[in-house]
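Below: the structure, in structure tokens.
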Amino acid sequence: MFRRFSANFAVFSIFFDMLLVALALHVAVLLRVPLNQLPFLQFISEPITLPLELYITFPLLWVGVFILFSVYDGRKNMRVWMELASLTLGSLLATISMAGILFLTYRDVSRFLFVFFAVTAFLGMVGWRMAYRLIIRCGMRPQHEVRRVLILGAGKVGRTLHGFVKENVEAGLRFVGFLDDDPYKQGREDVLGPLDHARQVIEQQGVDDVVIALPRSAHDRLNKVVSELHDLPVRVWVIPDYFSLTLHQATIETFAGIPLMDLRAPALSEYQRMMKRAFDLAITLASLPVVLPLMAGIALAVRLDSPGPVFYCPTRVGENGRMFKMYKFRTMVQNAEMLQASVETRDENGNLINKRRDDPRVTRVGRFLRRTSLDELPQLFNVLQGTMSLIGPRPEQPYLVKMYDLWQRKRFAVPQGMTGWWQVNGRSDKPMHLHTDEDLFYVQHYSIWLDLQILLKTIWTVLRGKGAY
């Protein structure tokens, strides 16, 4: 069957892309001479001809790069931005590779012709995919491409899956209904009956996929349900009800040859982690020539202002709950931790407030450093070590983390940072242990562009001095 995520569709995409690349190359050849009148082009009098091997090599090379970037894996490119990112990166690498081939072989090929060809081919491949998505979004998908889904279990996990099915029309899934043994849930319109009706509903509704989303307490029914469906032409999927225990997301990985579920899977993919690390190192190393002399002056000022060490190195909770030493300039009197209880208060809701504007422990130089955030500069060494990132949730104090609810711990699914979404949206005016929802927003919406946006906002926030004390 010709489904969006089928092998047939992938093969069609490969051959159609090859055809588009060859066609774009031919169109570029035909248009090069008629475009002689453009002022920035060299005049060419004779019609251009390219050897046949380029019409074969270029499509094969472009498609080969796309395969390496998993462009034809529909499930990895379900969302528009994922597919566009794969197409763009793959096309860029393919274009560079083809330019290298021309440099080593046919150097007399017009540069404008090559660029025009590459852009035309890229736009063509993006265009037909976006048109296909639009057709699906408008409900014009052929019926034989739709998979009808029955969900066993109308609890939190099942409802979450139902929401995903409704939001992702491109997946080609159509929700049939729920089955659940809970009599309170059976009164809902989308609950078609108890689990014992599974076989009957599957046959009557023409179900293609059955997803078992039962709570852990009902997993004794799992063997019985699966055994009753073994002779039906349906695919059976199981969602383990452990997602409430995850740090951010769960993944299935092979451990010692055994497939296991990782409940503490990091929020960043390997590619995102690589890009984030490269971003951190580039910015940090570029800033050191300016920052190091400034840090030397600050160290001298801290030393002369009050007795005690120049640096304050508290233990903080990092990514995945790992403890590390965070470097800061000392802004308080020596042994300030022993006076912590004297400055802690509770708000009207009983929440702990561990910072205040008139903290008597802060020194004169320390007050200036805090207002300008210069006390944070030594954390650049944490960034170089890899224990912190430039951008991310702020590392928290261990005793406050012990009071976290489970959902708050999801903020540790990414590297902790010098600055982050919380800092540019309130800083000390909003104690972070009471506003971890700001950090969860960052975890859920991470991108290198969001990092850049936060970095630029941080500069403005620091210059205003808002919320810093």
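The values are calculated or read from the model by the stated rules, or taken from the named source; none is laboratory data. Note that this is a predicted model, so its numbers are computed, not measured. Cβ atoms come from the backbone with ideal geometry, glycine included; neighbour counts cover every protein chain shown.
Structure notes:
- Selected residue (only one of ASP190, ASP196, ASP209 is modelled with pLDDT of 85 or more and farther than 15 Å from LEU229 by Cα): ASP190
- The range 45-72 residues that are free of Cβ contacts under 8 Å to residues at least 60 places away in the same chain, paired with ones that are surrounded by 14 or more Cβ atoms within 10 Å (Cβ to Cβ) and of a type in the set (Asp, Glu) (beta carbon under 6 Å, 6 or more apart): VAL63/ASP17
- Per the listing LYS410, LYS402, the residue uniquely assigned by TED's automatic domain parsing to the domain that holds PHE441 and surrounded by 18 or more Cβ atoms within 10 Å (Cβ to Cβ) is LYS410.
- When the range 274-321 is filtered for residues that are charged (D, E, K, R) and either outside the structural domain of ASP375 (by TED's automatic domain parsing) or free of Cβ contacts under 8 Å to residues at least 40 places away in the same chain (or both), only ARG303 remains.
- Just one of the numbered conditions (1) of a type outside the set (Phe, Trp, Tyr); (2) in the same structural domain as LEU222 (by TED's automatic domain parsing); (3) out of contact with any strand residue (DSSP E or B) (no Cβ under 9 Å at 6 or more places or on another chain) is not true of GLU83: (2).
- Residue in the range 143-155 that is assigned to a helix (DSSP H, G or I) and at pLDDT 80 or above present: no
- Options GLY163, GLY90, GLY64, GLY158; residue that is part of a helix (DSSP H, G or I), small (Gly, Ala, Ser) and closer than 18 Å to PHE9 by Cβ: GLY90
- Among residues of the range 385-413 that are free of Cβ contacts under 8 Å to residues at least 60 places away in the same chain and farther than 22 Å from GLN444 by Cβ, none has a beta-carbon under 8 Å from a residue that is small (Gly, Ala, Ser) and surrounded by 13 or more Cβ atoms within 10 Å (Cβ to Cβ) at least six positions away or on a different chain.
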